[in-house]
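Colleague: Shown below is the structure under consideration.
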Amino acid sequence: MDLEGFENLLAQEPKYRLVQAKKALFQDLIENWNQAVALPLSLRERLDKECPLEITAKTFVAQDTVKALLTLEDGLKIETVLMRHGSTGSPQATRNTVCVSSQVGCPLGCSFCATGRMGFKRNLGSPEIVAQVLFFARYLKKLKEKVTNIVFMGMGEPFLNYQNVIGAIRTLNDPTGFHSGARHFSISTVGIAEGGIAELAKEKLQINLAVSLHAPNDELRSQIMKINEKYSIRRVLDAVDDYIKKTKRRVMFEYIMIKDVNDSAKEAEELAKLMKKPLYFVNLISYNQTGIFKPSSPAKIKRFKEILEQAGVAVTQRYRFGREVEGACGQLATGDKIDTA
Ligand code: SAH
Ligand code: SF4
């Protein structure tokens, strides 16, 4: 798919043509320009030749999770995951969350993360990020459903690709295009302060921020997340506090529960001390085993959660989505594994 060229091509046409093209692409969710019936045939033919809309992908479906393996123009592959919560026809509204990748691989190499072990290939361009969402918007259209939430929790560190991530959000947020409300986006970061959290604090965008903490002290955090040597817990929390001061928005702290690594009562108490702030909340995430570590037992997670609650910390729990398709949000399989999936 080539989204880059289509606006340039249409710049030579009367203004309303771009409006029609954007409606066709982002609202009618056409899969090739011939379906954009509002446009004259000659224009459709040019667009089809110069800015093709096909997205090459393989899908793997398991219960409420769908994993798409997208092939990029240069042959590299990325994963995007759709998580469906609440089934169709149930009284509670269906939520369809798309978990997008921001990079091919990741340079940060956190020891528990499959993407980290792949190494880093390159940043994704804005259109490549947008394409991931369009892929599932088209998929859901066939089921008469819509994408409701977009989370940057796939491969890569979004704040190492800040401009393209924000560019994609602006495109998807555009009222004349896809028009997904800002509140429906979430960015997860290890805590890149300069050029990341600090930058986001300045944007006039009401998107959600999530921070991967995973340990309550620097010694442990540095062991599992090398980036902590640069962005220590104090530095991350200072950036978050400044962000909250500017935006008045809640911030989620992600904490994956890894057996005998970060799940003791002592660690829960230490974490409680850091997290007892009005707009902070902790999300305990079951670890999806992708390497040497193992997930904490449900009893351990329950105890950990109770300690936080008793200390007055806001805490939620997320279950592992998509174990069946070898990975989901933030727990994506390595390239080799993908090919055999
Ligand atoms: N690079 C960003 C965003 C992508 S990862 C970040 O690290 O925040 C999204 C989330 O999934 C992070 O909280 C990450 O720590 C978590 N994650 C990574 N591997 C995981 C695994 N095997 N099981 C569960 N969560 C995992
Ligand atoms: Fe990169 Fe996030 Fe994985 Fe760490 S957890 S290696 S930052 S994708």
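The values are calculated or read from the model by the stated rules, or taken from the named source; none is laboratory data. Nothing here was measured: the structure is a model prediction, and the numbers come from that model. A quick note on method: Cβ atoms are made from the backbone with ideal geometry, for glycine too, and the neighbour counts reach across all protein chains shown. Side chains are part of the model used for accessible areas, which takes the heavy atoms of the whole protein and leaves out ligands, DNA and RNA. Shrake-Rupley method; radii C 1.70, N 1.55, O 1.52, S 1.80 Å.
Colleague: Taking only the stretch 311-321 into account, find how many residues are modelled with pLDDT of 95 or more and either within 16 Å of ligand 2 (Cβ to nearest atom) or open to solvent by less than 30 Å² (accessible area, probe 1.4 Å) (or both).
Modeller: Final tally of qualifying residues: 2.
Colleague: Please find, within the stretch 262-277, the residue that is nearest to ligand 2 (Cβ to nearest atom) out of those that are open to solvent by less than 30 Å² (accessible area, probe 1.4 Å) and outside any helix (DSSP H, G or I).
Modeller: Here the residue is 262.
Colleague: Just the residues that are among the small types (Gly, Ala, Ser) and either outside any helix (DSSP H, G or I) or within 16 Å of ligand 2 (Cβ to nearest atom) (or both), please, taken from the stretch 278-310.
Modeller: The answer is 286, 291, 296, 297.
Colleague: Is it true that some residue in the stretch 235-248 is within 21 Å of residue 289 (Cβ to Cβ) and open to solvent by 20 Å² or more (accessible area, probe 1.4 Å)?
Modeller: For the stretch 235-248, residues within 21 Å of residue 289 (Cβ to Cβ) and open to solvent by 20 Å² or more (accessible area, probe 1.4 Å): absent.
Colleague: Still on this structure, please answer the following. Identify all residues within the stretch 100-112 that are surrounded by 23 or more Cβ atoms within 10 Å (Cβ to Cβ) and within 7 Å of ligand 2 (Cβ to nearest atom); write none if there are none.
Modeller: Matches in the stretch 100-112: 106 only.
Colleague: Please work out if residue 81 is in a strand (DSSP E or B), within 16 Å of ligand 1 (Cβ to nearest atom) and more than 12 Å from residue 156 (Cβ to Cβ).
Modeller: Criteria met by residue 81.
Colleague: Of all residues being among the hydrophobic types (A, V, I, L, M, F, W, C), more than 21 Å from the chain's Cα centre (by Cα) and within 16 Å of ligand 1 (Cβ to nearest atom) in the stretch 240-272, which is farthest from residue 200 (Cα to Cα)? Just the residue, please.
Modeller: 261
Colleague: Kindly indicate the residue of the stretch 145-161 that is among the aliphatic types (A, V, I, L, M) and within 11 Å of ligand 2 (Cβ to nearest atom) and also nearest to residue 227 (Cα to Cα) among those meeting that condition.
Modeller: Restricting to residues being among the aliphatic types (A, V, I, L, M) and within 11 Å of ligand 2 (Cβ to nearest atom), the top hit is 160.
Colleague: Go through the residues of the stretch 168-186 one by one and say whether even a single one is out of contact with any Gly (no Cβ under 7 Å at 6 or more places or on another chain), within 13 Å of ligand 1 (Cβ to nearest atom) and open to solvent by 10 Å² or more (accessible area, probe 1.4 Å).
Modeller: Yes.
Colleague: Out of 152, 120, report the one residue that is within 15 Å of ligand 1 (Cβ to nearest atom), open to solvent by 30 Å² or more (accessible area, probe 1.4 Å) and touching a Pro at 6+ places or on another chain (Cβ under 7 Å).
Modeller: 120
Colleague: While we're on this one: Do any residues in the stretch 108-124 that are of a type in the set (Val, Ile, Thr) have Cβ atoms under 6 Å from those of residues that are within 9 Å of ligand 2 (Cβ to nearest atom), where the two are at least six apart or on different chains, and which pairs are they?
Modeller: Close Cβ pairs satisfying both conditions: 115/106; 115/155; 115/332.
Colleague: Condition first: touching a Phe, Trp or Tyr at 6+ places or on another chain (Cβ under 7 Å) and within 15 Å of ligand 2 (Cβ to nearest atom). Now tell me which residues in the stretch 196-224 satisfy that.
Modeller: Matches in the stretch 196-224: 196, 197, 209, 211, 213, 214, 224.
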